[in-house]
Amino acid sequence: MGAVLEIRDLTIALPRGADRGNAVTGVNLTVDRGEIVCLVGESGSGKSVIAHAVMGLSPKELRATGGEILLEGEDILKASPARLRELRCVRMSMIFQEPMTALNPVMRCDAQIEEVLAMHTSLNAEERRARVRRIIEEVHLPDPERMMASYPHQLSGGQRQRIMIAIALIMEPVLLIADEPTTALDVTTQAQILKLIRELQQKHGTGVLFITHDFGVVAEIADRVAVLRLGALVETKTKTELLARPEHAYTQMLIASVPSIKPRHRGSDAAAPIVLKTEALAKIYSSGGFLARKREVHAAVDVSFTLRRGQTLGIVGESGSGKSTVARCIARLIDPTSGSVKLGNDEIATMSAGALRPLRRRVQIVFQDPYRSLNPRRTVGEAIIEGPLNYGISRSDALERARKLMETVRLDPSALNRYPHQFSGGQRQRICIARALAMEPELLIADEAVSALDVSVQAQVLDLLDEIRDRMNLAMLFITHDLRVAAQVCDHVAVMSKGRVVEYGTAADVFGAPQHAYTQALFAAAPGRDYAFGS
Amino acid sequence: MSTPAASATLAASLSTEDANIVARASVWSKLARHWGVRIGGAAMLLLTLIALAAPLLGTVDPTLFDPGSRDLLPGAQGEITTLEGESIKHEFMMGSDSFGRDIYSRVIYGTRVSLIVGLACALVSVFLGVLAGLSAGYLRWLDMPLMRVMDGIMAIPGILIAIALVALWKASLLSVIVAIAIPEIPRVTRLVRSLVLSIREEPYVEAAVSLGTSTFKIMFGHILPNTAAPLIVQGTYICASAILTEAILSFLGVGLPTDFPTWGNIMAEGRVQFQQFPHNVFFPGIFLAVTVLAVNVLGDGLRDVLDPKMAKKV
């Protein structure tokens, strides 16, 4: 089979003042007809830069300085803007990470698909409509008539991504570039989209350049894998060979960092004192009322669990399952509608804000987004000592404690007077952990605390959380959508769906023999479950 | 995952994390390199120096007049009578008005009034607007009543409120400043409120709540500093518009008393004789235009540098 895409010795320079000279250095890569090549790398590795260069979509600052990109023998880097427009969608297409922003919100879906046909073919309106209908059926969208007449906001994330795929494939291009197409989707939707891309690619013999950071996805979809690190390829191999026998130290480290889906057994004291107990906790958002029709959203219903000192309880669920709502109710960042939250012997669900303030010390929370969790205008030191100062600890004692905590989270204590923007995402998350620990809490809530991090950094932060929980004898509430992460850190797991806990038990039970149909579906959808990562 | 591989790479990847830190030029050096900030800033600095050094720039008391030196053309020689009744020789660089007052001296001293009014109005309206906006944005129960009051103020043209307020009080520098500042408050309030509404949802504010930080400290310690950049920019626009409004009030005869040397007053008096002696209006007009332009150029420059939404993306 001939090569559809051939990237030869591609080098793309970064603007002056960046953290390295080249975004991409000397990359050689081919994609054959009917082949899926995964380009794997952590954030900042240059994988999206390559994808955009192939599509001729690079911004001015990121022009290729060397090499060539051959699409069926034609050099994209030398193509005129007019030629690129002819090639896009017809010979090569791209699907993006965020299906909401990639679709035009004020255009109906069928019009967006038809636009491609109107631009690149001489079909008449009736033929175009027939073609649109056919592709909508091909991407397995239910009720094609209704889908065609819908606007993007009326569709779910997975449906939108199917529309994107329909637009990309309607001209039957020889090359499809998929830039993290399932990263923004839930795991069950992700599995369906991956299956769809596989199916259509085989049917049409399309070559696919699939960009991802997730080795689970690689294991599901790739034929060959290229690993990118800081703009240079470190290893290119077939999937089975790479996953079984990674040669380069970086690849080995990446694969070792992927958490295993098999739960880790960890002895925990079943008689330890109870730190947190919720009973029939519920949060209902209501809008409207007075004149408008009243609408109620049951974000969390009847959530009951118990958490003992030294234990980790994982709350696992997809987006909209209510897991973060529960976390925020327990931290009293929002007020629960009904039910009870007992922190030790204190009932905090209905406590007034004033009465609650002295108790806030005991529950601390680490958020998902390390870039928004720290006030950009305050030094790291000020962030860490803020809590202790609020509880009457002297400045010098608080600073002393902050220095020790910086060592605990393995950061340089002399960096206390630096600002958050001077740290990377992983380092910022460590700072957030240090800030939470400065309060010496009994309960630490990690709300998707490692979801935004690269897999190698994620492994380090998880290690750190584990170590801290053991050393400080904390109870930890770990909110995540990632089954692999949950398997590694949790003693008990509560699976949430549509605001309810559908399954609750020890990690070994839930992961070993899931009972509820939803949990089973979740496990079946976990990408790369057939591979034993992290062992 | 305490796999040996992961732990072994810990130290190594910490140093790569360090390498990922993006080099950032400091805000001050970016400001110093921006041409709008340079030009606008230099012009404002020059005007401030003129205002401060007014007595040293060959001026006389701007209220002095001499019936013999009426309606002189720019550059003419003449005499002026001091308060002691002495006649002294004086060169009328910008001519004189129909009372025989030195326009140059009046324009230079007028700089003081304009700059004071501009700066004071900006400070007063930003200060009050920040208080109102922070309260409306963070304390939700205050939002409704406070914002309806602001809507009410916004419904009346600013210049009318200013005229009415000055008419209510005795015309003085203070009353003019307050009268001009009040109609500007709703816009600052709206700006701050919208910023607060988005900043209050940031995780770092929620983190502060769970650290037991008091509402007052969250409002002024966490939220306010993050509204600073757009506020400074808004402040410069208020300053420019206040300088203009003050000139309008004076020109209409409802601002500072006519013996006060303000650019608006000079132009109002020169208006009658504009056909014969255009310099009466021309010189204060030039100063007014240059000042307002300088403040706006400075404001645009500050916005380019400070407001991340407008900053160029790499």
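The values are calculated or read from the model by the stated rules, or taken from the named source; none is laboratory data. Bear in mind that the values here come from a model prediction, so they are computed numbers and not experimental data. Cβ sites come from the backbone with ideal geometry, for glycine too, and all protein chains shown count toward neighbours.
Would you call A:Val234 away from every other protein chain (no Cβ under 14 Å), under 25 Å from the mean Cα position of the chain (by Cα) and under 23 Å from A:Ala51 (Cβ atoms)?
So A:Val234 fails the test.
Restricting attention to region B:90-148, the residues being among the charged types (D, E, K, R) and in a helix (DSSP H, G or I) number 5.
Scanning region A:202-225 for residues that are among the polar types (S, T, N, Q) and surrounded by 21 or more Cβ atoms within 10 Å (Cβ to Cβ) returns A:Thr206, A:Thr212. Looking only at residues in region A:159-194 that are surrounded by fewer than 24 Cβ atoms within 10 Å (Cβ to Cβ), β-branched (Val, Ile, Thr) and assigned to a loop (DSSP other than H, G, I, E, B), the one that is modelled with the highest pLDDT is A:Val174.
Against the numbered list (1) within 30 Å of A:Asp346 (Cβ to Cβ); (2) in a loop (DSSP other than H, G, I, E, B), A:Lys283 comes up short only at (2). With respect to B:Thr189, is the statement that it is at pLDDT 95 or above, under 23 Å from B:Leu142 (Cβ atoms) and more than 10 Å from every other protein chain (Cβ to nearest Cβ) true? So B:Thr189 passes the test.
Screening B:Lys170 against (1) more than 14 Å from every other protein chain (Cβ to nearest Cβ); (2) assigned to a helix (DSSP H, G or I); (3) among the charged types (D, E, K, R) leaves a single unmet condition, (2).
The set of residues from region B:234-267 being part of a helix (DSSP H, G or I) and either within 14 Å of another protein chain (Cβ to nearest Cβ) or within 18 Å of B:Ala167 (Cα to Cα) (or both) comprises B:Ala242, B:Thr245, B:Glu246, B:Ala247, B:Ile248, B:Leu249, B:Ser250, B:Phe251, B:Gly264, B:Asn265. If we scan region B:69-82, do we find a residue that is surrounded by 14 or more Cβ atoms within 10 Å (Cβ to Cβ), modelled with pLDDT of 85 or more and assigned to a helix (DSSP H, G or I)? Among the residues of region B:69-82, not one is surrounded by 14 or more Cβ atoms within 10 Å (Cβ to Cβ), modelled with pLDDT of 85 or more and assigned to a helix (DSSP H, G or I), which makes the answer no.
Every residue in region B:259-291 that is surrounded by fewer than 22 Cβ atoms within 10 Å (Cβ to Cβ) and either aromatic (Phe, Trp, Tyr) or in contact with a Lys or Arg (Cβ under 7 Å, 6 or more places away or on another chain) (or both), please. Within region B:259-291, B:Phe260, B:Phe274, B:Phe277, B:Val281, B:Phe282, B:Phe287 meet the criteria.
Can you find a residue that is among the acidic types (Asp, Glu) and either farther than 24 Å from A:Arg134 by Cα or part of a loop (DSSP other than H, G, I, E, B) (or both) anywhere in region A:95-113?
First, pick out the residues of region A:95-113 that are among the acidic types (Asp, Glu): A:98, A:110.
Subset that is either farther than 24 Å from A:Arg134 by Cα or part of a loop (DSSP other than H, G, I, E, B) (or both): A:98.
Yes, there is a match, as at least one residue in region A:95-113 is among the acidic types (Asp, Glu) and either farther than 24 Å from A:Arg134 by Cα or part of a loop (DSSP other than H, G, I, E, B) (or both).
On the stretch given as region A:195-220, residues that are assigned to a helix (DSSP H, G or I) and out of contact with any Cys (no Cβ under 7 Å at 6 or more places or on another chain) total 15.
From the residues in region B:43-68 that are of a type outside the set (Val, Ile, Thr) and assigned to a loop (DSSP other than H, G, I, E, B), which one is farthest from B:Phe283 (Cα to Cα)? Going through the qualifying residues, I end up with B:Asp66.
So that you can scan it fast, the table gives a plain yes or no per residue for (1) in contact with a Lys or Arg (Cβ under 6 Å, 6 or more places away or on another chain); (2) farther than 30 Å from A:Ser424 by Cβ:
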position: A:Val37; (1), (2): yes, no
position: A:Gly41; (1), (2): yes, no
position: A:Ala51; (1), (2): no, no
position: A:Lys60; (1), (2): no, no
position: A:Thr65; (1), (2): no, no
position: A:Glu68; (1), (2): yes, yes
position: A:Met94; (1), (2): no, no
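Could you say whether any residue in region B:213-233 is in a loop (DSSP other than H, G, I, E, B), of a type in the set (Phe, Trp, Tyr) and touching a helix residue (DSSP H, G or I) at 6+ places or on another chain (Cβ under 9 Å)? No, because not a single residue in region B:213-233 is in a loop (DSSP other than H, G, I, E, B), of a type in the set (Phe, Trp, Tyr) and touching a helix residue (DSSP H, G or I) at 6+ places or on another chain (Cβ under 9 Å).
Just checking, how many residues over region A:336-356 are at negative phi and surrounded by fewer than 19 Cβ atoms within 10 Å (Cβ to Cβ)?
14
Restricted to region A:302-393, the set of strands (runs of 3 or more DSSP E) holding at least 3 residues that are at the interface with chain B (Cβ under 9 Å from one of its Cβ atoms) and in contact with a strand residue (DSSP E or B) (Cβ under 8 Å, 6 or more places away or on another chain) comprises A:363-366.
On the given criteria, is A:Glu407 at pLDDT 90 or above and more than 17 Å from B:Thr213 (Cβ to Cβ)?
Considered against the rule, which asks whether it is at pLDDT 90 or above and more than 17 Å from B:Thr213 (Cβ to Cβ), A:Glu407 comes out as yes.
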